[in-house]
Amino acid sequence: MLKRGKLLFLQCRACHEVTMGQPHKVGPNLHGFMGRKAAAAEGFVYSNALSASTLVWDVATLDRWIAHPESVAPGTTMAFVGVANEADRRALIAYLDSATR
Ligand code: HEC
């Protein structure tokens, strides 16, 4: 599942790093984001939509986000259509959880 998740993360990689010390890209570096309040990466300028939200990145919220970011935080600047397949989202979340620690 981690292997599959890593492969699926290729569609996120253009915009996101996952390891500590790497720069922000179009999107914030995701190191340490699991369990954290949304829009909390140091030095990244988030949209008002995400900054003003009260979201916390747990598995359920992340699943909805990856499925369709716009319906979780309307007005988000994350230009990504979403991953429709539930098993793919599960694999992605498992990968993210391990790769961003
Ligand atoms: C085209 C660039 C782009 C792609 C592709 C993209 N993202 Fe993002 N992502 C962003 C931007 C920009 C933000 C900040 C959104 C905002 O401020 O509204 C963001 C925010 C996030 C956040 C919230 C981080 C935080 O600190 O609150 C998560 C989690 C996330 N993205 C995961 C993913 C995953 C997983 C994928 C692939 C399935 C993905 N992103 C694909 C640009 C992208």
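Can you name the residue in the range 11-23 that is near the ligand (Cβ under 9 Å from one of its atoms) and over 12 Å from THR100 (Cα atoms) and is also surrounded by the fewest Cβ atoms within 10 Å (Cβ to Cβ) among such residues?
So, considering only residues that are near the ligand (Cβ under 9 Å from one of its atoms) and over 12 Å from THR100 (Cα atoms), the one surrounded by the fewest Cβ atoms within 10 Å (Cβ to Cβ) is ALA14.
Would it be correct to say that LEU7 is among the aliphatic types (A, V, I, L, M) and either near the ligand (Cβ under 10 Å from one of its atoms) or crowded, with 17+ Cβ neighbours inside 10 Å (or both)?
The answer is no for LEU7.
Check the range 66-89 and report whether any residue there is within 19 Å of ARG101 (Cβ to Cβ), assigned to a loop (DSSP other than H, G, I, E, B) and of a type outside the set (S, T, N, Q).
Looking through the range 66-89, none of the residues is within 19 Å of ARG101 (Cβ to Cβ), assigned to a loop (DSSP other than H, G, I, E, B) and of a type outside the set (S, T, N, Q).
Among the residues of the range 60-69, count how many are surrounded by fewer than 20 Cβ atoms within 10 Å (Cβ to Cβ) and within 10 Å of the ligand (Cβ to nearest atom).
3
I'd like the full set of residues that are within 9 Å of the ligand (Cβ to nearest atom) and over 17 Å from LEU10 (Cα atoms), limited to the range 70-101.
Once the filter is applied, which keeps residues that are within 9 Å of the ligand (Cβ to nearest atom) and over 17 Å from LEU10 (Cα atoms), the range 70-101 yields ALA73, GLY75, THR76, THR77.
Computed from the coordinates by the stated procedures, all read-outs in this text should not be read as laboratory data. Everything quoted here is computed from the prediction, not taken from an experiment. Cβ atoms come from the backbone with ideal geometry, glycine included; neighbour counts cover every protein chain shown.
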